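Asks: One structure, pasted below without further comment.
None of the figures in this text is laboratory data; all of them are computed from the coordinates on show. What you see is a predicted model, and the numbers here were worked out from it, not measured in a lab. Cβ sites come from the backbone with ideal geometry, for glycine too, and all protein chains shown count toward neighbours.
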Amino acid sequence: MSLLEFKKVERRFPLKRSLVDVLANRDQVYLHAVRGVDLSVKQGEILGIVGESGCGKSTLARIGVGLQPSNGGHVVFDGKPLDGPDRAGRLQMVFQDPYSSLNPRMTIGAQLEEVVAHYRPNLSRADRRSEVRRVLDDVSLVSETAVKFPHALSGGQRQRVSIARALCANPQVLVADEPVSALDASVQAQIINLLKAINREKGLTIIFISHDMNVVRYFCDRVAVMYLGEIVELQESTRLFAAPLHPYTQALIASVPDVRRPQSLRQPIAGEIPDPFAVLPGCRFVPRCPLAEAACRSPQPELPLDTGGFVRCWKVACAPN
């Protein structure tokens with residue numbers, strides 16, 4: 001059952017116009033960050049979204065929780081169109097930098113109590129403090145953390161606090177935007193295992209955005225691969241890493257360091273990213289794709305896969321089984 005759905009979602013940002021552009025009456029130029037995305041997120045799953053910087057992952061995530069409006073299409077949450085942030089707090093987001101997302105002038109306890117009071121105003125102060133202690137325990141932080149300020153915590157502890165703050169609203173969907181990229185490997189593992197435990201014990205649906213393909217492989221049930229605002233492939237995680245179909249997905253996975261693969265076989269993605277301001281027909285990966293042909297410059301349909309998901313590449317449709 002789909003809990004959150006993106007239906008033909010578009011998001012574009014206007015490029016600042018110079019005085020010369022205005023006087024010459026030139027058309028407004030837009031950066032198309034998200035292009036007609038169709039995506040369904042199932043109840044209780046962990047969905048990964050991967051791709052290079054600037055592909056639109058974070059923009060799509062912010063649209064999904066109502067922090068940014070779309071210019072086209074719409075988002076459906078629990079069967080109803082989402083228009084701005086959910087008032088009941090059922091959609092929450094954890095950001096990449098926990099220090100900048102916490103108030104340095106307030107204790108951790110005060111910040112968490114503030115969230116509890118906003119979404120459950122009928123609770124007494126004693127009940128709010130009890131709820132804060134419970135949530136801190138859920139993220140494996142001692143109750144004494146409540147009297148500390150953010151600067152007194154480590155990076156991993158601050159990220160746990162950010163997760164705790166999101167959990168204070170009793171959300172159904174948690175969007176984690178690069179939550180472990182600024183942490184060292186051991187702390188990354190702790191945060192990932194914490195999120196996995198929360199997903200398993202509370203049935204929390206998680207959208208996980210990351211550049212780290214190894215983390216995504218371990219953590220996610222399904223993976224959506226984005227390139228210049230479009231989802232080019234969506235598959236179950238095990239199948240995607242075992243047999244990627246889209247040439248871009250293949251290149252992403254091939255570029256990941258692997259001690260089992262000779263250094264000479266690790267190839268970076270060739271070519272230059274096309275102009276993100278240009279609206280071009282066909283596959284956006286054409287300038288960098290080693291398999292590109294003239295037909296690739298025509299609109300690319302989403303090819304449904306027998307195992308669920310889809311891939312946006314006509315060559316996959318023509319490939320022998």
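Asks: Tell me whether the range 186-225 comes out rounded, prolate or oblate; compute the Cα gyration tensor, take square roots of the eigenvalues as a ≥ b ≥ c, and use a/c under 1.5 as the rounded threshold. Kindly include the intermediate steps, with their values, before the conclusion.
Replies: On the way: a/c = 2.34, a/b = 1.17, b/c = 2.00.
Cα axes put the range 186-225 in the oblate bin.
Asks: In addition: Please tell me the relative contact order of the range 137-196 in percent, rounded to the nearest whole number, where contacts are Cα pairs under 8 Å and at least six residues apart.
Replies: Numbers: 24 pairs, mean separation 21.8, N = 60.
Contact order relative to length: 36 percent.
Asks: Once the principal axes of the Cα atoms of the range 142-182 are found, what is the range along each, listed largest first in whole angstroms?
Replies: On the principal axes, the range 142-182 reaches 28, 24, 13 Å in Cα extent.
Asks: Compute the acute angle (0 to 90°) between the alpha-carbon long axis of helix 185-202 and the principal axis of greatest extent of the alpha-carbon atoms of the chain; round to the nearest 10°.
Replies: 80
Asks: How large is the Rg to Rh ratio of the range 100-222 when both quantities use alpha carbon positions and Rh follows Kirkwood?
Replies: Value, to two decimals: 0.96.
Asks: List the equivalent ellipsoid semi-axes of the range 102-159 in whole Å, largest first, each obtained as the square root of 5λ for an eigenvalue λ of the Cα gyration tensor.
Replies: 20, 12, 9
Asks: How do 58-67, 274-283, 5-14, 83-92 rank on mean C-beta neighbours within 10 Å, highest first? Walk me through the numbers on the way to the answer.
Replies: Numbers: 58-67: 21.4, 274-283: 13.5, 5-14: 17.5, 83-92: 16.0.
Order by mean packing, descending: 58-67, 5-14, 83-92, 274-283.
Asks: For helix 108-119, what angle does its Cα long axis make with the longest principal axis of the chain, in degrees from 0 to 90 and rounded to 10?
Replies: 80
Asks: What whole-number volume per residue, in cubic angstrom, does the convex hull of the C-alpha atoms of the chain give? Present the calculation step by step, with values, prior to reporting the outcome.
Replies: Values: hull volume 55.9 nm³, N = 321.
That works out to 174 Å³ per residue.
Asks: Could you check the spin-label model distance between GLU201 and SER154? Points 7 Å from the Cα along Cα→Cβ, value in nm.
Replies: Result: 2.0 nm between the two label points.
Asks: Here is a further query. List the lysines whose alpha-carbon lies under 21 Å from that of LYS42, not counting same-chain residues fewer than 8 positions away?
Replies: Straight-line reach from LYS42, under 21 Å: LYS7, LYS8, LYS57, LYS80, LYS196, LYS202.
Asks: Relative to the longest principal Cα axis of the chain, at what angle does helix 125-138 sit, 0 to 90 degrees, rounded to 10?
Replies: Roughly 50 degrees between the two axes.
Asks: Could I ask something else about it? Sorted by mean Cβ packing within 10 Å, highest first, what order do the peptides 109-119, 287-297, 147-157, 217-227 take?
Replies: Averaged packing, sorted descending, gives the order 217-227, 109-119, 147-157, 287-297.
Asks: How much mean residue ellipticity at 222 nm does the chain get from its helices, if each DSSP H run of length 4 or more adds -39500 (n - 2.57) and you divide by all residues, to the nearest 500 deg cm²/dmol?
Replies: -8500 deg cm²/dmol
Asks: How long are the three semi-axes of the equivalent ellipsoid of the range 7-138, in whole Å, if each is the root of 5 times an eigenvalue of the C-alpha gyration tensor, listed from largest down?
Replies: 36, 20, 15
Asks: Still on this structure: Based on the mean of other beta carbon atoms within 10 Å per residue, what is the order of 130-143, 43-56, 161-174, most packed first? Kindly include the intermediate steps, with their values, before the conclusion.
Replies: Numbers: 130-143: 17.3, 43-56: 20.2, 161-174: 23.1.
For the peptides 130-143, 43-56, 161-174, the packing ranking is 161-174, 43-56, 130-143.
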